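One structure is given here, and the rest of the page talks about it.
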Amino acid sequence: MSIRLIVHMHAAPGQSAQFIAAVKERVASVEAEAGYEQYDIAQNVANPEQFVLMEQWATEAALEAHRALNATRPQMGAPHRVPPTVIEQYERA
């Protein structure tokens, strides 16, 4: 069963371009992870400092392996990212 994460993030004021560049570096490395199905970033048209990351993982185990790897990495988008970050997890119905 696929696992979907929707992650709401914000770039620091005036740093959307730098945030996007930092996130794209992470996306390239995530695409090589086992169980990766989707890892896309989208920018809010009305508020260009607001972003959503859409992740999809083949299994819960693949997501857990990704989370463990993320614990060893710098925060995605740092230092161009500001709170709050909201993570929603879904399973395919």
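At-a-glance table
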{"item": "Test: residue in region 36-56 that is of a type in the set (F, W, Y) and not in a strand (DSSP E or B)", "result": "no"}
{"item": "Among (1) assigned to a loop (DSSP other than H, G, I, E, B); (2) surrounded by 12 or more Cβ atoms within 10 Å (Cβ to Cβ) - the single one A62 does not satisfy", "result": "(1)"}
{"item": "Count - residues of region 1-36 that are of a type outside the set (K, R), loosely packed, with under 13 Cβ neighbours inside 10 Å and under 21 Å from Q56 (Cβ atoms)", "result": "7"}
{"item": "Residues (in a strand (DSSP E or B) and either among the hydroxyl-bearing types (S, T, Y) or more than 13 Å from P83 (Cβ to Cβ) (or both)) located in region 4-21", "result": "R4, L5, I6"}
{"item": "Condition broken by G77, with the remaining ones in (1) within 13 Å of the chain's Cα centre (by Cα); (2) surrounded by 11 or more Cβ atoms within 10 Å (Cβ to Cβ); (3) part of a helix (DSSP H, G or I); (4) of a type in the set (G, A, S) satisfied", "result": "(3)"}
{"item": "I87 being of a type outside the set (K, R) and in contact with a helix residue (DSSP H, G or I) (Cβ under 7 Å, 6 or more places away or on another chain)", "result": "no"}
{"item": "Residue in region 1-59 that is nearest to R73 (Cα to Cα), counting only those that are in contact (Cβ under 8 Å) with a residue 40 or more places away in the chain and basic (K, R)", "result": "R26"}
{"item": "Whichever residue in region 80-93 is of a type outside the set (G, A, S) and outside any strand (DSSP E or B) and, among such residues, is farthest from M1 (Cα to Cα)", "result": "H80"}
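We did not get these values from a lab; they are worked out from the coordinates using the rules stated. Please read all numbers here as calculations on a predicted model, not as lab measurements. Note: ideal-geometry Cβ built from the backbone for every residue, glycine included; neighbour counts use all protein chains shown.
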